[in-house]
Amino acid sequence: MHARAAGNRVFRDHGGAPTPVELMVSVVVPTCGRPELLNRCVASLVLQKFDPDRFEIIVVDDRPSDANRAVVERWAQHAADSGPEVIYIASPGPHGPAAARNRGWRAARGDIIAFTDDDTIASPDWLENGLRAFRGDVQAVWGRIVMPLSGTPTDYEKDAKNLETAEFVTANCFCRRKMLENIDGFDERFRFAWREDSDLYFRLLDFQAHIVHEPKAVITHPIRPAGWGVSLSQVKKIQFDALLFKKHPGRYREKIRATPRWDFYLIVASIIAVIAGIATGATNVAMIAGAIWLIMTGHFCYQRLKNTSRSFSHVVEMIITSVLIPPLAVYWRAVGAFKFRVGFI
């Protein structure tokens with residue numbers, strides 16, 4: 001059995017005349033240098049309990065590699081006779097997941113676009129349940145994300161698990177193609193995997209799109225192992241909070257962060273006061289500022305250690321990174337405010 005495409009219609013040849021079948025949904029998966037995870041993800045998509053004639057899988061490689069291409073080609077061959085069409089798109093970059101998703105949905109033929117990430121595992125009925133939610137004038141759907149953990153988590157794992165309670169994340173969402181065209185897809189200025197989904201969600205809300213939550217559309221998102229001090233490399237993503245705030249100040253304060261990180265600013269101010277006090281010989285000022293810094297940093301570290309691992313390595317990591325994160329966070333917030341020309345604190 002072979003398939004050929006025309007417009008948004010797939011033709012299946014079942015030994016007689018080709019039979020037209022409406023292509024209903026296109027699944028878009030951005031990827032970048034993770035062939036093992038991509039292989040697991042595509043496997044879960046190919047094995048969906050959904051008519052394979054009615055969906056396609058589009059993998060957009062944000063940093064094209066032979067390894068990623070090989071994964072997609074293997075699954076394309078495997079699914080050629082009885083599975084969905086599996087398509088590889090090279091997108092020389094990296095330009096970020098927002099740009100990759102745009103390239104994917106614009107090349108798609110389905111009337112509905114389903115988004116997930118290359119490190120997820122779709123439940124067998126993910127597509128079926130997600131698409132069932134498109135009743136009446138529904139224009140977008142977001143499903144449920146499960147992030148399994150065993151044992152006492154690290155600070156990184158505890159923070160990552162918050163994705164389970166987030167609204168409308170691109171690891172598990174569906175949107176009508178026409179709606180994506182109306183709002184011009186993702187904002188490609190979000191170069192990291194950070195806040196680009198919130199921006200899309202907020203623009204859908206501004207457009208007064210009818211959005212529903214379908215908890216039966218389940219994606220499992222295993223938490224990837226992370227190296228020591230991973231939180232330091234994550235801090236630079238904060239610069240894109242400034243862009244989100246510039247575009248949606250009210251929704252940012254309502255759904256992301258109600259107030260600025262005054263604790264970080266106080267910590268940085270106390271560091272400056274210590275240095276200034278020492279430089280000018282104002283010992284009392286330096287001592288008071290040092291005490292404030294110690295108390296505030298200690299509290300920040302305590303909050304990160306609460307209900308997390310007490311292993312020696314993790315405790316040391318929390319102490320060192322808790323000292324470094326506040327000034328780094330203030331720096332990257334300032335970078336974002338300058339880059340996107342917005343008064344963001």
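The values are calculated or read from the model by the stated rules, or taken from the named source; none is laboratory data. Worth saying up front: this structure is predicted, and the values here are computed from it rather than measured. No Cβ is skipped: glycine too gets one built from the backbone with ideal geometry, and neighbour counts run over all protein chains shown. With ligands, DNA and RNA removed, areas are computed over all heavy atoms of the protein, side chains included. Shrake-Rupley method; radii C 1.70, N 1.55, O 1.52, S 1.80 Å.
Just a few scattered comments:
- Subset of region 277-310 [of a type in the set (S, T, N, Q) and assigned to a helix (DSSP H, G or I)]: Thr280, Thr283, Asn284, Thr297, Gln303
- Count of residues meeting criterion [aromatic (Phe, Trp, Tyr) and under 15 Å from the mean Cα position of the chain (by Cα)] in region 86-109: 0
- The set of residues in region 173-199 that are among the charged types (D, E, K, R), under 29 Å from Ala337 (Cβ atoms) and not in a loop (DSSP other than H, G, I, E, B) comprises Glu196, Asp197, Asp199.
- Within region 207-225, not a single residue is assigned to a helix (DSSP H, G or I), without any contact (Cβ under 8 Å) to a residue 60 or more places away in the chain and surrounded by fewer than 18 Cβ atoms within 10 Å (Cβ to Cβ).
- Filter pass, Asp241 being surrounded by 17 or more Cβ atoms within 10 Å (Cβ to Cβ), closer than 25 Å to Gly110 by Cβ, under 16 Å from the mean Cα position of the chain (by Cα) and touching a residue at least 24 places away in the same chain (Cβ under 8 Å): no
- The set of residues from region 26-52 being surrounded by fewer than 17 Cβ atoms within 10 Å (Cβ to Cβ) and assigned to a loop (DSSP other than H, G, I, E, B) comprises Gly33, Leu47, Lys49, Asp51.
- Taking the criterion of being of a type outside the set (Gly, Ala, Ser) and surrounded by 13 or more Cβ atoms within 10 Å (Cβ to Cβ), the residues of region 261-271 that qualify are Arg261, Asp263, Phe264, Tyr265, Leu266, Ile267, Val268, Ile271.
- Residues of region 316-345 that are open to solvent by less than 70 Å² (accessible area, probe 1.4 Å) and more than 30 Å from Asp187 (Cα to Cα): Val316, Glu317, Met318, Thr321, Ser322, Val323.
- Positions within region 277-310 being open to solvent by 50 Å² or more (accessible area, probe 1.4 Å) and in contact (Cβ under 8 Å) with a residue 60 or more places away in the chain, in sequence order: Asn307, Arg310
- Verdict on Phe202 being under 17 Å from Arg101 (Cβ atoms), more than 13 Å from the chain's Cα centre (by Cα), at pLDDT 95 or above and in a helix (DSSP H, G or I): yes
- Filter pass, Ser313 being touching a residue at least 24 places away in the same chain (Cβ under 8 Å), open to solvent by less than 30 Å² (accessible area, probe 1.4 Å), among the small types (Gly, Ala, Ser) and assigned to a helix (DSSP H, G or I): no
- Only one of Arg54, Arg109, Arg69 that is in contact with a Phe, Trp or Tyr (Cβ under 6 Å, 6 or more places away or on another chain) and basic (Lys, Arg): Arg69
- Residues satisfying the stated conditions in region 183-206, i.e. of a type in the set (Phe, Trp, Tyr) and open to solvent by less than 30 Å² (accessible area, probe 1.4 Å): Phe186, Phe190, Tyr201, Phe202
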